[in-house]
Amino acid sequence: MLKTAKQALLRTVKAAGLFHAVADSPWRRNRLLILGYHGISLADEHEWNRGLYIQPSVLRQRFEMLRDGGYRVLPLEEGLHRLFGGKLPPRSVAITFDDGAYDFYAAAYPLLREFNFPATLYLSTFYCRYQAPVFDTVCSYILWKGQGRTFDGAGFVPEGGPIAIPNPREALAAYRRIHRYVRAAHLSAEKKEELARELARRLGVDYQAIRQKRMLYLMTPAEVAEAAAGGVSIQLHTHRHRTPLDRQLFIREIRDNIREIQDITGTRPAHFCYPSSHYQPQFGFWLRELGVVSAAAGQTGLASPSSDPLCLPRLLDVEGLSPIEFEGWLTGINTWLPRRKK
């Protein structure tokens, strides 16, 4: 209901000419919209997780809106430098992608080159070296694909027994049970892949097709290096996509991430994105110790000169965001509209 009312209001505001007025205002000129993306669908991922995946056709539409709307797409580093130096050009935007999945290389990178847009890729590096579907995401995807079936939970949850997944809610509940078991068991990457393969077999899901399409894989080091040579800024997202609350473990994650990215690209990264938007105030102090100068967090909005560089707002663009809502964020008008509480 709120979404429908908001879209109607945005159309009315746009018809009154306020989109252009706000987009060209001194207020908007003093702000940087950092766009954030996760996955680009290679098959049906956007149907499985609309909060993470967007279709290539939708991403193309977003890029067309940026181009046709006269928005200035800046490299993140330049955008932040200009933001905090008070020298942003009108309608400034930066584009970022999280994780470094193969779908970025296959679907987003060609579009970035076509539109000549700079972008930052926050890369989680462990699965670059170990080429297999990322366990957490492929497990969730397999359970979603297996809806309407029941499988033997032996080896997946401590108590075993039949697990029914009649709907998405039960698929998510099953995933959480399996995830808890796997974390407690401290399984290796190889054992996790064996588990994913067996889960697919029990649910009648074609695991080989997932592998052939490289769905839910990360890019190889060679692909990351190619993207970096093509102008994509490769930055930090932790090595194992986790942010431990223990200082030493947290620092190890970042140092491992820095080492891997330096080895692949030859450059030292200095920008960070909190995995799964998991932010704690102490993380900023630890990141500064390691020479990190900016970090994107989970709150939605436009960055301003008063923003904390190590807790920057972004707009996470998703499949369910309508074109009029996306345009509202480009202009900045959405900042003043009510939002659904999380």
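The values are calculated or read from the model by the stated rules, or taken from the named source; none is laboratory data. None of the values given here were measured: they were computed from a predicted structure. Every residue, glycine among them, receives a Cβ derived from its backbone with ideal geometry; neighbour counts consider all protein chains shown.
For this structure, a couple of remarks:
- Filtered residues of the range 1-22 (kept if of a type in the set (V, I, T) and loosely packed, with under 15 Cβ neighbours inside 10 Å): T4, T12
- Qualifying residue in the range 239-246 (condition: of a type in the set (D, E), touching a residue at least 40 places away in the same chain (Cβ under 8 Å) and assigned by TED's automatic domain parsing to the domain that holds L121): no
- Considering residues of the range 254-283 that are in contact (Cβ under 8 Å) with a residue 12 or more places away in the chain and touching a Lys or Arg at 6+ places or on another chain (Cβ under 7 Å) only, the residue surrounded by the most Cβ atoms within 10 Å (Cβ to Cβ): I258
- Of all residues in the range 236-268, exactly one satisfies the criterion of being more than 21 Å from the chain's Cα centre (by Cα), part of a loop (DSSP other than H, G, I, E, B) and among the β-branched types (V, I, T), namely T267.
Matching residues to (1) among the small types (G, A, S); (2) outside any loop (DSSP other than H, G, I, E, B); (3) closer than 22 Å to R242 by Cβ:
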| position | (1), (2), (3) |
| --- | --- |
| F97 | no, yes, yes |
| Y109 | no, yes, no |
| A132 | yes, no, yes |
| C139 | no, yes, yes |
| I142 | no, yes, yes |
| G160 | yes, no, no |
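- Restricted to helices (runs of 4 or more DSSP H) entirely inside the range 8-81, those with at least 1 residues that are under 16 Å from the mean Cα position of the chain (by Cα) are 45-48, 56-68.
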